[in-house]
Amino acid sequence: MKAINNIAARLFLFLLVALALNQVPGPSARAAGPALPKLKTETQEAFDRFVKQVAARNEGELKRGTDVLWVDALPAEKRAEAYAALKQGEVRIEKLEILDNDKPLACPGGMIHHWTGVVFVPRAKLEDVLGVLEDYDKHSVYYTPDVERSKIESREGDHFRVFLRFRRHKVITVVLNTEHEVQYFHDAPGRAHSRSSAVRIAEVENAGKSDEREKAPGDDGGFMWRMETWWRMEERDSGVYVQSEVASLTRDIPMALAWMIKPFVTDIPKDSLTFTLQATRKAVEAHLRAR
């Protein structure tokens, strides 16, 4: 009986999420077609303001050269605890916010997800980490199954334009074709950072089938409209600390279902970042063993 109740609960949650994201339209929606969300100008402008503030904060921190990792800003006891956990192989994740008059920055029609995390790769050198991060042709190997296809479209020195096809699954599966402009910076011996901007995100309908097609960017299911990523790498303590900070924009959730669906949806960026950091460490360690 308990197993049946669990299955029923999961099915109910699936239907709620699918309805909230227009995957299973109700009777009235089937008659008129699902009312898909669209990326509005005010939503995009709110995210642009958010990213501008995050970029300014990053620039200031990197210029000062102190507290390079987010755990460095913790109180002494918490900081020592975090570093001990990192040395044990844990990933430390933190949810971030940009406040406007002591309130989260408003984003009408959208949700901004902002997370940072750090991992430690023992015995690695900075070049080992950069070798994995810049090897975009093999990201579909390093970051499978989240990255299904990957390719360097062009490179000029430390500037890359790359294609990544994401496959995200949590109750439902979403496939996204994305293009990114990525710039790497070498700050000092043993220290580097990068900035990645998704310049194109297109949801793929019927992925892998003969009738596969891309939906118009911004006129889709709203699973990911925008994405900005900042990486920091610091070689010390006989290894490399690798930090990734991600800000992404998705459609908002209908108010009637927000109390149930929002916690579920906001877990996805956290889980994705955790996986990315773990996969990065795993790929670097594999290269070290092979060498």
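The values are calculated or read from the model by the stated rules, or taken from the named source; none is laboratory data. Quick caveat: nothing in here was measured; it's all calculated off a predicted structure. Here the Cβ positions follow ideal geometry from the backbone for every residue, glycine too, while neighbour counts run over all protein chains shown. Surface accessibility is based on the protein's heavy atoms, side chains included, excluding ligands, DNA and RNA. Shrake-Rupley method; radii C 1.70, N 1.55, O 1.52, S 1.80 Å.
Miscellaneous remarks
- Put simply, of 134, 181 the only residue that is closer than 22 Å to residue 272 by Cα and either under 16 Å from the mean Cα position of the chain (by Cα) or among the small types (Gly, Ala, Ser) (or both) is 181.
- Residue in the stretch 157-165 that is among the β-branched types (Val, Ile, Thr), assigned to a strand (DSSP E or B), touching a residue at least 12 places away in the same chain (Cβ under 8 Å) and under 30 Å from residue 202 (Cβ atoms) present: yes
- Taken over the stretch 145-184, the residue count meeting the criterion of being farther than 20 Å from residue 233 by Cβ, open to solvent by 50 Å² or more (accessible area, probe 1.4 Å) and among the polar types (S, T, N, Q) is 2.
Condition check ((1) out of contact with any Phe, Trp or Tyr (no Cβ under 9 Å at 6 or more places or on another chain); (2) not acidic (Asp, Glu)) across all residues:
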{"site": "130", "(1), (2)": "no, yes"}
{"site": "134", "(1), (2)": "no, no"}
{"site": "153", "(1), (2)": "no, no"}
{"site": "165", "(1), (2)": "yes, yes"}
{"site": "175", "(1), (2)": "no, yes"}
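- Test: residue in the stretch 113-127 that is outside any strand (DSSP E or B), open to solvent by 20 Å² or more (accessible area, probe 1.4 Å) and within 16 Å of residue 279 (Cβ to Cβ): no
Condition check ((1) out of contact with any Leu (no Cβ under 7 Å at 6 or more places or on another chain); (2) open to solvent by 60 Å² or more (accessible area, probe 1.4 Å); (3) modelled with pLDDT of 90 or more; (4) assigned to a loop (DSSP other than H, G, I, E, B)) across all residues:
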{"site": "208", "(1), (2), (3), (4)": "yes, yes, no, yes"}
{"site": "216", "(1), (2), (3), (4)": "yes, no, no, yes"}
{"site": "237", "(1), (2), (3), (4)": "yes, yes, yes, yes"}
{"site": "258", "(1), (2), (3), (4)": "yes, no, no, no"}
{"site": "270", "(1), (2), (3), (4)": "yes, yes, yes, no"}
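- Listed conditions (1) within 19 Å of residue 142 (Cβ to Cβ); (2) in contact with a Ser or Thr (Cβ under 6 Å, 6 or more places away or on another chain) are all met by residue 181, apart from (1).
- The stretch 79-91, subset open to solvent by 50 Å² or more (accessible area, probe 1.4 Å) and either small (Gly, Ala, Ser) or under 21 Å from residue 269 (Cα atoms) (or both), residue farthest from the chain's Cα centre (by Cα): 80
- Of the criteria (1) of a type in the set (Val, Ile, Thr); (2) surrounded by fewer than 19 Cβ atoms within 10 Å (Cβ to Cβ); (3) over 15 Å from the mean Cα position of the chain (by Cα), which one residue 199 fails: (3)
- Taking the stretch 163-195 as the range and being aliphatic (A, V, I, L, M) and either at pLDDT below 95 or more than 27 Å from residue 61 (Cα to Cα) (or both) as the test, the residues that pass are 164, 171, 172, 174, 175, 176, 188.
- If only residues of the stretch 92-112 that are at pLDDT below 90, open to solvent by 70 Å² or more (accessible area, probe 1.4 Å) and not aliphatic (A, V, I, L, M) are counted, the one that is nearest to residue 81 (Cα to Cα) is 97.
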